[in-house]
1. May I ask for the angle, rounded to the nearest 10°, between helix 222-233 and the longest principal axis of the chain, with both axes built from Cα atoms and the value confined to 0 to 90°?
2. Fewest to most neighbouring Cβ within 10 Å: what's the order for 4, 51?
3. For the chain, what is the calculated [θ] at 222 nm in deg cm²/dmol (nearest 500), taking -39500 (n - 2.57) for each run of four or more DSSP H residues and dividing by its residue count?
4. If I model a spin label as a point 7 Å beyond the Cα along the Cα-Cβ vector, how far apart are those points for residue 67 and residue 223 in nm?
5. Considering only C-alpha atoms, what is the centroid distance from segment 106-157 to segment 222-240, in Å?
6. Most exposed first by the Cβ proxy, i.e. fewest other Cβ within 10 Å, how do 13, 169 rank?
7. Note the angle between two axes, namely the Cα long axis of helix 154-173 and the longest principal axis of the Cα atoms of the chain, as a number of degrees from 0 to 90, rounded to the nearest 10.
8. Describe numerically, in nm with one decimal, the distance between label points set 7 Å from Cα along Cα→Cβ at residue 103 and at residue 169.
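FYI, it's all coordinate maths here, none of it is from the lab. Everything quoted here is computed from the prediction, not taken from an experiment. Methodologically, a virtual Cβ is constructed for each residue, glycine included, from the backbone with ideal geometry; neighbour enumeration extends over all protein chains shown.
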């Protein structure tokens, strides 16, 4: 088999749709054997699509924020395929857009459990297998919401900021192992998580408003994040480590501002 990931074994969480599914399909097309994991039954369809296209993969239903489930996932990959080359810890939840004073501790605990503890568990259990191999690539889905405010709810944003720091800390913890740990920070991408935004815009006849705040003036697509994940997973990114790769159409390249009117100074 040929391809940029030929013969490699990749675990992808949150693989039931959106970014996770697109990444599974791209990784498989590039020669990887996929272990696709998701809480929902749609993960089975993801693997069916991979197999229909001539690729190889397994589907596991599990909770990416549950320690026992993550242990089971990693054990399955190691015992079935004898190696783990790539981990894409992509599973996450939005938690909605409630404000700081409308959320309680239970809201925060659940969002942090899935979005931050989940990647921690995945790294903790996968990294020892990669260390033994002397090589590996770990990728976590963060968000532009983790860079600064304005792109998500408070708990979601805090969880994604934590993912970025987790990646940086993990890269240092794994120094000399040749195991790389990086994050991807997507902007507005059309997925199940953002379906409400896209549906509202379409129903209101305002699709041209989607992504209007970034220089490309459009929303992103799942395959564009999958392409970034492929780069980080491949040997082409062999010197990229502890990095948060922003894929947002340029949204985070600027601070918010008020356009100047003729003869007036922007506030």
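1. So the helix axis and the longest Cα principal axis differ by about 50 degrees.
2. On the way: 4 17, 51 14.
With the fewest neighbours first, 4, 51 line up as 51, 4.
3. Rounded to the nearest 500, it is -12000 deg cm²/dmol.
4. 4.2
5. 17
6. Numbers: 13 33, 169 15.
Ordered by Cβ neighbours within 10 Å, fewest first: 169, 13.
7. So the inclination is approximately 40 degrees.
8. Taking the simple label geometry, residue 103 and residue 169 are separated by 1.8 nm.
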